Structure formats: structure tokens, C-alpha cells
1. Going through the range 24-133, which chymotrypsin sites (Phe, Trp or Tyr not before Pro) have at most 16 other Cβ atoms within 10 Å and a DSSP loop state?
2. Under 5 Å between amide H atoms, partner at least 5 residues away or on a different chain: which partners does Ala53 have, H built in plane at 1.01 Å?
3. Roughly how many whole Å is it from the C-alpha centroid of the range 172-233 to that of the range 56-94?
4. At q = 0.10, 0.13, 0.15, 0.16 Å⁻¹, what is the log10 ratio I(q)/I(0) for the chain, with the Debye formula run over Cα points and no solvent?
5. Counting pairs on different chains as well as pairs 8 or more places apart, how many Lys pairs in the chain have Cα atoms under 27 Å apart?
6. Isolated Cys in the chain by the 4.7 Å beta carbon test?
7. Can you give the charge dipole size of the chain about its Cα centre, rounded to the nearest 20 debye, using +1 on the beta carbon of Lys and Arg and -1 on the beta carbon of Asp and Glu?
8. Got a sec to turn the phi values of the range 75-81 into Karplus ³J(HN,Hα) couplings, 6.51 cos²θ - 1.76 cosθ + 1.60 with θ = phi - 60°, whole Hz, x for Gly and Pro?
Amino acid sequence: MVVTHFRYDGICPPGIVAAFSLKSFWLDRQYLESMQFRREFVHSLGFDHNPVATAGQIHSSKVLAVDRGGYYAGADGIATNRPGLFLAVVTADCLPVFMWDMHAGCIALIHAGWRGSDAQIVKQGIALMVAQYGSIAQDIGALLGPSICAGCYEVGLEVAEKFEAGDSAKGSNGHFYLDLRAANRRQLLESGILPENIATDPLCTRCRSDILCSYRAEGAHVGRLVAALGIKE
């Protein structure tokens, strides 16, 4: 199976593979959320026999260190230092955060919706990379992947109030909007990651629901995008 995708080869350092799948119109949601699809997506990148580890994604702040493929329930982030093992999460408006440290030889992939962002899951991911693999924050690179943009992500006041002023704002229509990228970028900087080591993909899943999956644009029946990250063997 060949899955259309976008790769970040020009942004990630040599030795790191980061990619996300584009919308698959011919596949149903159940399949797009399955472990099988995540494996087939990684294999479509040219890594036919590589194992895949994926998080269960319950909108938590839990990040796990893994060294083998499989489904890891109860977590929204996974990290590894094993070359050849690919990490995968799925999104449909939430933010995938790719992180790597070439000096320590480790990576982490985070699923950050508003709940995970409120719980500062990226900080948990960085803390795990430091504690488990000996990373130094200044050596970590990060990429904020495609997600719903601040102009499209309308939230209630009770959600907006959980975030700092630079992360959420009241629009001219009186409604509140949340910027997932701004919230997670701020948390990356607060953790010691250097500004020049943070890249951002500006694609909005709702604005570009023609090629990306957006829950807000299409409702609960919509499929999922796969974000994948691995260290080449």
C-alpha cells in the first residue's frame, strides 16, 4: 500500500525521518485509526520491515520511553533511542510535536490537544529525554507539525482561561480562540530549547481539509493523519 505523505527532510537533521500522511479519501475512519494503518504508513516511507510504536492517546500528559514496537495505552507521547524503531501518533486537528537530540541519540513524538497542552505534555517529553537518555535541552530540536490554526480553533471561555494571554485570545466576534502552536512553542522555550532549534509547519488542518483530516471541519466521521518519527539505522 502506498500512502501519500509529506516528509520534513529539509528541516530535520540527517539521520532523522519525520513525516505525516495526507488525507486518504478512500479509507474509513476505523482503518485510519488502526495500528495496521500506522505500520503501513511507515512502510510506505521506504522502511518496509521497521517496527512501529504508537501511543494510545487519551489526552494526557504521560510520555513513555519505549524500545520496541507496539501499542502503548494510557500515553500521549513516546520516546526512544533505538535506531530503526518508528514512533507514531494520529491527529485530526491536534498538534503533533516532533523532537530529536542527535547528540544523545534519542527522539520523542507528542500528541498535544488542548488538554495535553494545558498539562504541558511537551515539558514532560523533554524531561524524559533528559532523565532517560541524557539529553541537554539546548541540543534538542523540535518541529510543530500541522494542526488547527489559531484563527480556526474556537474554544469556550473555560478552556481559554487555562492558557496564558499569548496562547489564547478573544476575537472581534466575542468568541475565544486557542493557538496550540503558540502554547507549545512557549513551553518548549521555557524548557530551555533554543528558538533557532524550533521549526513550525504553518499548515492548518481545518483551512486545508482538502488534504488534511480536520475534526472541526468534517465532524466525528473524519479520518486521522499519522505523524511518524524515526532514527535511521
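1. Within the range 24-133, the qualifying chymotrypsin sites (Phe, Trp or Tyr not before Pro) (loop, at most 16 other Cβ atoms within 10 Å) are Phe25, Trp26.
2. Gly70, Phe86, Leu87, Ala88
3. So the separation of the two Cα centres works out to 17 Å.
4. Rounded to two decimals, the profile gives -0.41, -0.70, -0.95, -1.08.
5. So the count of such lysine pairs works out to 8.
6. That list is Cys12, Cys94, Cys106, Cys152, Cys213.
7. It works out to roughly 240 debye.
8. 10, 10, x, 9, 9, 7, 10
We did not get these values from a lab; they are worked out from the coordinates using the rules stated. Being a predicted model, the structure only gives us computed values, none of them experimental. Cβ sites come from the backbone with ideal geometry, for glycine too, and all protein chains shown count toward neighbours.
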